[in-house]
Each structure stands twice: as structure tokens, then as C-alpha cells.
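Only one structure is covered here, and it is reproduced in the block below.
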């Protein structure tokens, strides 16, 4: 892999349920796009942190608020 720099500093959010391999644009398991999954090992730590922040924000926005106690 000449010219490729692997950056192992930030763990992958992969949960081994990749749906991008099945044609989804965004993985239903980890929340990364096909491109993010493909290039994860060559992204620098700042890029990986940005992906993780986006995933966290999207999941928070999609999570319904707790139901009020009755």
C-alpha cells in the first residue's frame, strides 16, 4: 500500500452490521456514509472526530424525547 498512511488513533464506530455493502448510502449499523466507511483508515484523527460528531448529532436529533411521567 505505497503512499497510504493508516491512522489508527480513533476507533471505528463499526458494529459489524454494515448496510452500505447492500447499497445503502448511509450504514444502518454505524451511521457512516459509504465514502466514510471506505476511507476511514486513511482519514486523520480530526476527520474521524468530525464524522463521529456528525453521527452523534444525527442520532440525538432522531431520538424522541422521553415521555413525561403520568
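Throughout, read-outs are computed from the coordinates displayed, never taken from laboratory work. Keep in mind it's a predicted model, so treat the numbers as computed, not measured. Here Cβ is always computed from backbone atoms with ideal geometry, including for glycine, and neighbour counts include all displayed protein chains.
Mind running the shape call on the range 20-62? Use the C-alpha gyration tensor, a ≥ b ≥ c as the square roots of the eigenvalues: rounded below 1.5 for a/c, prolate if a/b tops b/c, oblate otherwise. Before the final figure, lay out each step's value.
Numbers: a/c = 3.14, a/b = 1.03, b/c = 3.04.
Oblate, because a/c is 1.5 or more while a/b does not exceed b/c.
So how do 38, 20 line up by other beta-carbon neighbours within 10 Å, fewest first? Please list the in-between numbers first.
Values: 38 11, 20 19.
In increasing order of surrounding Cβ atoms, one gets 38, 20.
Residues 34, 39 in ascending order of nearby Cβ atoms (within 10 Å, fewest first): 39, 34.
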